[in-house]
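Reading through the C-alpha cells given below for one structure.
What follows draws every value from the coordinates through simple rules; no lab data is involved. Since the structure is predicted, the reported quantities are computational estimates derived from the model, not experimental observations. Every residue, glycine as well, gets a Cβ built from its backbone with ideal geometry; the counts of neighbours run over all protein chains shown.
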Amino acid sequence: MKVPGKMLPKIIGFIVRKPVTVLYPKQRLTPPETLRGKMKFHLDRCISCGLCARDCPSAACTMHEIDGKKRPVFDLDYCTFCAQCAESCPKDAIEMTSEFELAHYKKGEAIVK
Amino acid sequence: MVCGKGVEGIDILLTLLYLFIFPGFLFLFAFSLFTEYLDRKIYARMQRRVGPPFLQPFADLVKLAAKEDVVPEKAEHFMFTAAPIIGLAAIFAAYLYLPIVSSTGLHSFNGDLVVVLYLLTIPTLALFLGGWYSGNVFGQKGGMRVASLLFSYEIPFFLALLTPALIEGSWKMADIVHFEISHPLEFIVSLLGFVIALIALQGKLERLPFDIPEAETEIVAGPLVEYSGRRLALFRLARDAEMVVGAGLLAVVFLAGPEPIVQLEPVYLSWIVGALVFLVKTLFVIFLLILMKSAVARIRTDQMISFAYKWLIPLALVQIFIAIMVRFLGGI
Amino acid sequence: MGRVKLPIGPQHPALKEPENFTITLDGERVVDVDIRIGYTHRGIEKLMESRTYTQNLYLVERICGICSYAHVENFTQNVEEILGIQIPKRAEYIRTLFLELERLHSHFLWLGVAGHEIGFDTLFMYTWQDREVVQDLLEMISGNRVNYAMNAIGGVRRDVSVEHQKKVLQGMDYLEKRAEYYKEVAINEKTILARAENVGILKTKDALKFSAVGPTARASGITVDIRKDDPYASYLDTPFDVITTNTNDVLGRVVVRVLEIFESIKIIRYLMAHLPVGEIVTKAPRKVPEGESISHTEAPRGEDFHYLRSNGTEKPERYKVRTPTLANLPALAEMLKGTYLADVPIIVAAIDPCMGCMDRVLLLKGNEKPGELVDGERLRRYSIKWFAERGWKA
Ligand code: SF4
Ligand code: SF4
C-alpha cells in the first residue's frame, strides 16, 4: 500500500534497542587480521636489495644506511598501506600487521625502522 | 491583574516567580533545550545512532553565543538583528497565556486562545524577515518559501484549534480545559482536529516533511544562511521554544492541559502537579512530532500547498462542521 | 522576485564534491543551467606518466573513492592486453567478485545519498549501516575498506579462502533481505514517490542523443551494460540480467539500482559456488612493449573508459580516463531544465555523480576575470615563501 511513513513500524522498535554505532575510543571494533596496517620490519631477513623502495608508490619506503647496513625505512606519513613493499620483498622481511591507530602529533613521528 | 483561581491571591513575589522562574522564562528555556535534546536523541535512536549527550543543546547554545557574530554587508542591519528577537519575544509572550500549572495561565480572558494563535504566527514572519533582509540569495529564496507556505499551514492550524472552542462555545482556554475534563467524549469528537493541528504544527515548525524553507540540500539553510553567533543562537532557541509552546497549546486545547487539577496546600504544590501533568501531555505531543519526522522525505513547495488545500483545509472544515453539529444537537 | 541566478556549488550541502551549477530560476522553476566543472582536477593522468606500472596500480585506484576497483580493473586489463598475458581463471572470478561487491556498496551508498537529498535521513542512516556489511567483507578479503589494492598485473594479490566464501555468502543473505525491504519502501513510501515520480525526465531519445551511460541510461529504457555488451573478467560465464525500466524518471533510477543489487547478489552467489581452483596470478614483466590499448568496464555509475599508450619502458607514455559521470553530465543538463529548484539536488544525485574522478582538465581563461595566471613553478615558489614568512617549514 502506498502510504507516507512506510518505515515507521520498524523505526519505532529501534528507539529502545541498542544503537549500532559505537563510541570510539571507549568502545572499539576489532579489525580483521588481514587488515593492511602498520608494517613490521625484520632486519635480520633483509638482504638490502632495495626492491621495496623501488616499487613503493608513494616514496614512503626509502633506503638508508644505518649501522653499516643498507635497509629500508618506512615513513608512515607518506604510506598508503598498499603492501606493495611486502609483496616486492623477496625475503619476506616486511610484514603487514593489523595495527591501524597511528595518529600522532608531529610530522615524522611515525617511522618504522 | 485578572487572575484565575489557581493563581488567585498570591503576592508579588510569587507572581515574579511565576513569570521568571517557574513556570516562566527560565523553565521554558530549560524545557526547550530539553525538547531539543529529546528530539535529537530519539531521532538518533530511531536511526540506530547514539545521539547527543544530555547537555549538548545547552553546550551548542553557549558555543554559538560565544562565537563571532557576523552581519553581512548587504544585510539590513536593524531588521537582521530584530528578526530573531521579535520571534523569541512572541513565543515567550504566547507561553505566558498557556495554562500550565492550573487551568488558567498568568492572565486568562475570553479570547486568549486567539491571542496565542496570533502570537505563534509571529516567529514565522520573523523568519521571513530575517531571510529577506539578510541580502543573501539563498536567504531570500528561503524567505519567499516561508511566506508562500505560511497560509497552507496557518489556516488548517487555526481551523483545527477552533474546533474545541466551538464545541465549548468559549474562546477562553481555561473554559476549554474545564469543559474537556468534564466531557471526555470531546476528545474523540475533536480527534480529527488534533491530527490536523499536529500536521500543521509540524509545518509551522518547519520540520520534516515540511522543512521546505530550510531544505539543507536545496537552499543550504534558507533564511538562516547568513546568521551566525548570538543571532543564530536566538533563532535556534526560538525554534525550540516554539516547539514547546506549539505542543503545549495542542496539549491544552485537545488534551485538557494541566487538568485534572489536584487541590493541594500550599498552592505551589498543586502548581507542580499541574505542571507535571501538562509536561507529560506536551511530551506526548512532541513525541508524535518526532515520529512524524522520522520516516518521511521532504516534500516540495507545490506539493505542500496542494496537500494543504486538498486535504488539510477541507478536513478541518469537516471537523468544524462536526463541531457545529454536535453543539447544535445539544452537546456531548 | 523575477529571475534569479542561484549558484549551486562549488561549495553546497547538496554536492558532496566541488562543482558548480549556476541555475537561473523563475520563481521555483529552473529555466537554465550552466554547469562548470574542473574544480577537482588532480592531474592524475600526467602523474601516471612518471610512475612505473606497479606504482600506478595504486594511483589509478585513487581516481575514485567509491568505484576505485573499476579503475584498477581497467588499468590492469589495458596492461595485460598489451603484454598479451592471460590471467588465471580463479583470478578472473575473484576480480568479478570485487567488481560486484563494489557495485553493492556503491548502490547502497547511493540509496542513502538519494534519501539524504530529499531529506529522508533515516533511510540514509539505514542503508549506510547495511553498506558496512559489504565494506567489512571487502576489508576481510583485501585488507582495506575502500582502496582494496587487490589487483596485480597478471592476476590478483590475495586469495579468497573457504572461510571468506562462507562469510561472503552470509553477508549476501543479509543484504538480500535488506534490499527486499528497501525495494518495498522505495516503491510504497508516499513521500519518496512524491519526490521521485516524474521528476528529472530523460526520454529514451534524449538519453541516446546525450550518450548517457549506466543506470541513468538503463532507467530510460536503453539496454546498455558493458558486462553484457563486451564481457570482461568472468562475466561471460556468469548468468545475470540487465535491468532496465522505462519510466525515464528518478524513481526509475532508484528501481534500477535496487534491482541491480539483487543481480549483484545473484552473481556473487554464482561466483562463490563456481570458484575455480588454481593459481591467482601469472608473472608479468616490468617493461611493457610499445602498444596501445583501450578498456572499458561497467562501473557502478556506468561505463568507465581507459586508454593506455605504452612505449616499451617501465612507465606509460599516455594514459586517459573517461569516467561515467562526465558522460552523464550533458544528459543531466537536459534533465534539470524546467524542473523545480527543490528537485535539483535529487536529479543531480540520481546520476550518481562522482565529480572528483571526472575532472580531467582545468580550463584557464586568462581574460575572464581580473587576476593573473600563475604557472606551477611560480605557485610552488610562492607557497614556499608564504610558509617561510610565517616561520613554518614546508
Ligand atoms: S605499504 Fe605501500 S606505500 Fe607503504 S611503504 Fe609499503 S609500498 Fe610504500
Ligand atoms: S625488498 Fe626486502 S630484502 Fe630487499 S631491501 Fe626491501 S626489505 Fe630488504
Check: Averaged across the residues of C:185-195, what count of C-beta atoms belonging to other chains lies within 10 Å of each residue's C-beta?
Finding: 6
Checklist line | Rounded to the nearest 20 debye, dipole of chain B from Cβ charges on Lys, Arg, Asp, Glu | finding: 840
Check: Across the residues of C:27-40, average count of Cβ atoms on other protein chains within 10 Å?
Finding: 1
Notebook entry, point to check: Fewest first, what order do C:105, C:296 take by the number of other Cβ atoms within 10 Å?
Noted result: C:296, C:105
Notebook entry, point to check: Pulled fully out, how much extra length does the chain show between residue C:242 and residue C:163, if you take 0.36 nm times their separation in residues and subtract their Cα-Cα distance?
Noted result: 25.4 nm
Next item on the list: Enumerate the aspartates and glutamates that residue A:113 could reach by cross-link, defined here as Cα to Cα under 17 Å, with residues fewer than 8 away along the same chain left out.
Entry: A:44, A:65, A:67, A:75, A:77, A:92, A:95, A:99
Checklist line | Debye intensity ratio I(q)/I(0), log10, the protein assembly as shown, q values 0.04, 0.06, 0.08 Å⁻¹ (C-alpha model) | finding: -0.23, -0.50, -0.83
Next item on the list: Over 30 Å between C-alpha atoms is what I'm after, so list which of C:46/C:205; A:107/B:41; A:6/C:16; B:63/B:293 land there.
Entry: C:46/C:205; A:107/B:41
Item checked: All lysines inside 18 Å of residue C:385 as judged from Cα atoms, apart from same-chain residues fewer than 8 positions distant -> C:393
Margin query: For peptide B:220-228, what's the mean number of Cβ atoms from other chains within 10 Å of each residue's Cβ?
Written below: 1
Next item on the list: For residue C:290 and residue C:174, calculate 0.36 nm times their separation in residues minus their Cα-Cα distance, and state this gained length in nm to one decimal.
Entry: 37.0 nm
Notebook entry, point to check: Which value in nm describes the separation of the simple spin-label points at residue A:49 and residue A:102, placed 7 Å from the Cα toward the beta carbon?
Noted result: 2.4
Checklist line | Computed E for residue A:33/residue B:125 - FRET, C-beta separation, R0 45 angstrom, nearest 0.05 | finding: 0.15
Next item on the list: Using Cα positions and a limit of under 19 Å, work out the lysines in reach of residue C:167, with same-chain residues fewer than 8 apart set aside.
Entry: C:177, C:266
Margin query: Can you compute the FRET efficiency between residue A:66 and residue C:36 using 1/(1 + (r/R0)^6), with r the Cβ-Cβ distance and R0 = 56 Å? Round to the nearest 0.05.
Written below: 0.60
Check: What residue among C:47, C:15, C:57 has the largest mean-square fluctuation in a Gaussian network model of chain C, using Cα springs under 10 Å?
Finding: C:47
Next item on the list: Mind checking the full-extension length gain between residue C:385 and residue C:136? Use 0.36 nm per residue of separation minus the Cα-Cα distance, one decimal, nm.
Entry: 85.2 nm
Next item on the list: In nm, give the distance between the simple-model label positions of residue A:3 and residue A:40, each being 7 Å from the Cα along the Cα-to-Cβ direction.
Entry: 5.7
Notebook entry, point to check: Once you treat every alpha carbon in the stretch B:275-332 as an equal point and sum by Debye, what is log10 I(q)/I(0) at q = 0.16 Å⁻¹?
Noted result: -0.85
Next item on the list: Pick out, from C:305, A:79, B:266, the residue whose Cα sits farthest towards the positive end of the charge dipole of the protein assembly as shown, with +1 on the Cβ of Lys and Arg and -1 on the Cβ of Asp and Glu.
Entry: A:79
Notebook entry, point to check: Roughly how large, in nm² to one decimal, is the mean projection of the convex hull of the alpha-carbon atoms in the stretch C:82-163?
Noted result: 6.4
Notebook entry, point to check: Where the Cα atoms of the stretch C:280-352 are projected onto their three principal axes, how long is each span, largest first, in whole Å?
Noted result: 56, 28, 13
Notebook entry, point to check: What does the highest-first list of B:172-178, C:19-25 look like by mean Cβ count within 10 Å?
Noted result: B:172-178, C:19-25
Checklist line | Cα Rg, Dmax (largest Cα-Cα span) when computed across the stretch B:95-230, Å | finding: 17.5, 53
Note to self: Which one, C:336, B:131, C:349, projects farthest toward the positive side of the charge dipole computed for the protein assembly as shown from Cβ point charges (K/R +1, D/E -1)?
What the structure shows: C:349
Notebook entry, point to check: Most mobile of C:115, C:200, C:291 per a Gaussian network model of chain C (Cα springs, under 10 Å)?
Noted result: C:291
Checklist line | Calculated on alpha-carbon atoms, Rg and Dmax of the stretch A:73-113 in Å | finding: 11.0, 34
Check: Given that compact globular proteins tend to follow 2.2 N^0.38 Å, what is the ratio of the alpha-carbon Rg of chain B to that value?
Finding: 0.99
Item checked: Descending principal axes extents, the stretch A:6-57, alpha-carbon based, whole Å -> 64, 26, 15
Margin query: Is there a quick way to get the dipole size of the protein assembly as shown? I mean about its Cα centre, with the Cβ of Lys and Arg at +1 and of Asp and Glu at -1; what is the value in debye to the nearest 20?
Written below: 1280
Margin query: Using the Kirkwood formula on the Cα atoms of chain C, what hydrodynamic radius do you get, in angstrom to one decimal?
Written below: 22.3
Item checked: Directionally averaged projected area (convex hull, Cα atoms, the stretch B:21-178), nm² -> 11.9
Check: Which one of B:242, B:168, B:76 has the biggest mean-square fluctuation once chain B is modelled by GNM with Cα springs under 10 Å?
Finding: B:76
Margin query: Placing +1 on the Cβ of each Lys and Arg and -1 on the Cβ of each Asp and Glu in the stretch A:28-112, which of A:63, A:30, A:110 has its Cα farthest towards the positive end of the resulting dipole?
Written below: A:63
Next item on the list: Give the shape of chain A as rounded, prolate or oblate, defined through the alpha-carbon gyration tensor: a ≥ b ≥ c are the square roots of its eigenvalues, a/c under 1.5 means rounded, and otherwise the shape is prolate if a/b is larger than b/c and oblate if not.
Entry: prolate
Next item on the list: Take the alpha carbon atoms of the stretch B:129-166, find their center, do the same for the stretch B:268-319, and report the distance between the two centers in whole angstrom.
Entry: 16
Notebook entry, point to check: Using θ = phi - 60° and the Karplus form 6.51 cos²θ - 1.76 cosθ + 1.60, what ³J(HN,Hα) does each residue of the stretch B:80-91 get, whole Hz, x for Gly and Pro?
Noted result: 4, 7, 5, 3, x, 5, 4, x, 5, 4, 4, 5
